[in-house]
């Protein structure tokens, strides 16, 4: 009995499995197909691209530096007996003002000594001229014919006397010059950057008195990005011409140190070499009369002040301009084609902090998605906020082309993340 159970039971189980397999094969289970969702999955905002003329404004930065900066040094030695009250850090002065005076008594005495030496040399010259004339008369009175020899006429002695007069005159001129140099005058109208001496101090020749700079013009060295160079006409000088081509381009200077203050500057020259450190080209902008009080600048510029600059560049015709917020990873954007989201790789010709000019990848009439998108897949269906099925705006017409609307968060129509 036990033996029959061991044989029959496996046979029954095996037969049941075979029968089940035959039934499944003859009647396979039907898989329920998920019907495609015909409606849009995202609602986005978009703008229709239209070409337009776009004026380029380049941005740069730099520090204010004087065009003319000098180190005043003493050309004579002595004790400082007076200092101009304006000779202090930040003090203003005019051209010709006496800034520092050095004790001049020794140099005045040297002038008087040189004057006496010159008078003595002039008297000796007069005697030598008289002797030469007397020798010429004696030569003729003795009945000699022809020209008398130079030694007879005492010409060497006369020339030596003339040389002593010239030497004495030069000594007097030098003594007068040293006396004049005891009064150190301003070579230009300017301002004191740093003062190094004060009243009573004894200075030697070539001692530094003060560092000064001219206040008529200040300059700002501005670096330009290499990709910005095609969009501006730089001032260039040529060897065969004194004029600078393309000079005078407008530059707007701003500084956070002075609040909302602005200064009008102009480009005057381009440096002749690429900066070896930054590998960039620098241009020079100048500001005339930067220390005059102006309505837009209650606080005058300071030397060494950090400023930002906006340079007026060329105008690009028929430019396709898009907001930077629509660009992903700096290389692609999303557009809507026939209600479907499409990814487009783009080439950027120029870009600032807010907008970019597209050189390739987009054409006029494309509908650029301005809504900030997260993880989305190209090819999903979308609807444009404010447009009906015919592409018309809710008011019956298209939205204004070429202007971006405020980006709204992406709204998922079916609630599934893409």
Could you order the peptides 128-138, 326-336 from most to least packed, using the average number of other C-beta atoms within 10 Å per residue?
326-336, 128-138
Determine the relative contact order of segment 160-213: mean sequence separation of Cα pairs under 8 Å and six or more apart, normalised by residue count, in whole percent.
32 percent
Taking the highest mean first, how do the peptides 264-271, 217-224 order by number of other beta carbon atoms within 10 angstrom per residue?
217-224, 264-271
Segment 323-392: Rg/Rh from Cα coordinates, Kirkwood Rh?
0.96
FRET efficiency for residue 303 and residue 380, Cβ-Cβ distance as r, R0 = 56 Å, nearest 0.05?
0.40
Evaluate the distance, in nm, between pseudo-label points positioned 7 Å from the Cα of residue 315 and of residue 177 along their respective Cα→Cβ axes.
5.9 nm
Give me the distance between the Cα centres of segment 270-333 and segment 42-100, rounded to whole Å.
16 Å
Here Rg/Rh (Cα, Kirkwood) for segment 68-125 equals 1.20
Over its alpha-carbon atoms, segment 104-181 yields an Rg and a Dmax in Å of 17.7, 60
Between residue 69 and residue 160, what FRET efficiency follows from the Cβ-Cβ distance if R0 is 60 Å, with the result rounded to 0.05?
0.75
Pull out the extension gain between residue 329 and residue 12, defined as 0.36 nm times the separation in residues minus the alpha carbon to alpha carbon distance; nm, one decimal.
107.4 nm
Taking the Cα of residue 106, stepping 7 Å toward and past its beta carbon, and measuring to each backbone N in segment 182-205: which are under 17 Å?
182-184, 200-205
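A short reminder: the numbers here are calculations on the coordinates, not readings from a lab. These numbers come from a predicted model, not from an experiment. Ideal geometry is used to build each Cβ from the backbone, glycine not excepted, and the neighbour counts take in all protein chains shown.
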